[in-house]
Amino acid sequence: MNSAAATKNLGWVLIVDDEKDLTDLLVEPFQQSGYRTVVATSPAEAISKVNRQKFAAILLDLRLERGSGELVLTEIRKEMQFRNDQTPVILMSGFLSPDLIGRVREKVQSIVAKPFRPTDVVKLVNQLVSAQPAVQAAALAKKVAAKKGTSAA
């Protein structure tokens, strides 16, 4: 890890995938960019980690050996909604279809087709994380407007 990245702490990234080769490929570029990483290999482990820790971003594989990435997505979004958490979720899959994209489009910030370059995923996470203050402000404005009975533009 370079010394500039060693001094940065951009937050934690949760990588949910049961392919060790892929998680190993993702961990290093994230750490070199200043993120800390946590890996979950099963739906239960991923949900447990989301319930215990705040993440800057979550990378979620669609097909997990011990369960569905869609189930994980539904569960973590429920938990995040309860906490008003706007953490970006990026769905990773080698099996994308129009039906799948339609089902998850509103629940994720991005969908990445496998195979991909890990550095491209880091760049995507950087963009989504840097946009978070604006996203959170918009969500707060929408919530306030809903309480007042008006709509936020």
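The values are calculated or read from the model by the stated rules, or taken from the named source; none is laboratory data. Source: prediction; values computed, not measured. As a convention, Cβ positions derive from the backbone with ideal geometry for all residues, glycine included, and neighbour counts pool all protein chains shown.
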For the range 103-153, give me each residue that is at pLDDT below 80, outside any loop (DSSP other than H, G, I, E, B) and small (G, A, S).
A134, A137, A138, A139, A141, A145, A146
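Under the condition of being in a loop (DSSP other than H, G, I, E, B) and modelled with pLDDT under 85, which residue from the range 56-93 is farthest from A40 (Cα to Cα)?
Filtering the range 56-93 for residues in a loop (DSSP other than H, G, I, E, B) gives 56, 62, 65-66, 83-88.
Keeping just the survivors that are modelled with pLDDT under 85 gives 65-66, 83-86.
On the way: E65: 12, R66: 12, R83: 21, N84: 23, D85: 20, Q86: 20 Å.
The selected residue is N84.
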Can you find a residue in the range 32-47 that is at positive phi and not basic (K, R)?
yes
Looking at Q86, Q109, which is the one that is within 19 Å of G11 (Cα to Cα), under 15 Å from the mean Cα position of the chain (by Cα) and touching a residue at least 40 places away in the same chain (Cβ under 8 Å)?
Q86
Just give me the residues in the range 57-81 being closer than 19 Å to D24 by Cα and either out of contact with any Asp or Glu (no Cβ under 9 Å at 6 or more places or on another chain) or among the polar types (S, T, N, Q) (or both), in sequence order.
A57, I58
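Determine, yes or no, whether E19 is among the acidic types (D, E) and at pLDDT 85 or above.
On the way: among the acidic types (D, E): yes; at pLDDT 85 or above: yes.
It is true that E19 is among the acidic types (D, E) and at pLDDT 85 or above.
For the range 34-55, what are the residues that are outside any strand (DSSP E or B), hydrophobic (A, V, I, L, M, F, W, C) and touching a Leu at 6+ places or on another chain (Cβ under 6 Å)?
First, the residues of the range 34-55 that are outside any strand (DSSP E or B): 34-35, 41-55.
Add one more test, that the residue is hydrophobic (A, V, I, L, M, F, W, C), and what stays is 44, 46-47, 50, 55.
Once the filter is applied, which keeps residues that are outside any strand (DSSP E or B), hydrophobic (A, V, I, L, M, F, W, C) and touching a Leu at 6+ places or on another chain (Cβ under 6 Å), the range 34-55 yields only F55.
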